[in-house]
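Below: the structure, in structure tokens.
Here, each number is a calculation from the coordinates, and none is a lab measurement. Since the structure is predicted, the reported quantities are computational estimates derived from the model, not experimental observations. Here the Cβ positions follow ideal geometry from the backbone for every residue, glycine too, while neighbour counts run over all protein chains shown.
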Amino acid sequence: MPSPVAHFLFGLTAHVAASSGDDLGWRRRTAITVAAAIAPDLDFAFKAFGLAVHQGASHSVGAALIAAVVGAGVAAVLRWPRPHVLGLAAFLGWGSHIILDLLNLDTHPPIGLLALWPFADGHYKVPWPLFMDIGRTLDWQTVRHDALALAWEAILLCPLLVIVWRARTGRGR
């Protein structure tokens, strides 16, 4: 699984790529997209209750659709402008998380994601991972491995963010 840093960077990249000129600087939309990109990993909290649900339904298109409906609903109740756009931002951010997790080296069974839940119940994974797995312990070997994984994520995702930003803002032409 990629790190929260990778999900932040890719969520921000998705926001920039999908924004019109005026929406690019809309902080609320940016925050919703990036928060939704990180949110699927909140399922780690269930581990404290003895439930191992990581990469289950929370990492799926169904969950992304739920995030979109909830996001648009909350925005409408709070009378924020363009709630449908904020709902789509939540869907986009959540979907970016799924894409990134499909591209990682998964070493924790069950291998893969329930990416198409509730439409299909299989676990899906790409055969050629781009990202390293992030360890879940604090021993020195894992910390060194995770530092290397974070560096690799930055090497891949920071240039992508810059390229997308320059393409959307017209800079670099």
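Data overview
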{"read-out": "Value of relative contact order over the stretch 4-169, rounded to a whole percent, pairs C-alpha under 8 Å and six or more apart", "value": "27"}
{"read-out": "Within a Gaussian network of the chain (alpha carbon springs, distance under 10 Å), most fluctuating of Trp128, Trp152, Trp140", "value": "Trp140"}
{"read-out": "Radius ratio Rg over Rh of the stretch 4-169, counting only Cα atoms, Kirkwood formula for Rh", "value": "0.99"}
{"read-out": "Relative contact order (%) - criterion: Cα under 8 Å, at least six apart; region: the stretch 73-173", "value": "15"}
{"read-out": "For the chain, calculated [θ]222 nm from helices alone, where every DSSP H run of n ≥ 4 adds -39500 (n - 2.57)", "value": "-18500 deg cm²/dmol"}
{"read-out": "Spin-label pair Arg28/Trp128, simplified geometry with 7 Å Cα→Cβ offset, distance in nm", "value": "4.2"}
{"read-out": "Using distinct alpha-carbon pairs, which all enter the 1/r mean, Kirkwood radius of the stretch 71-173 in Å", "value": "16.7"}
{"read-out": "Overall dimensions of the stretch 102-142 as given by Cα atoms, namely Rg and Dmax in Å", "value": "12.5, 41"}
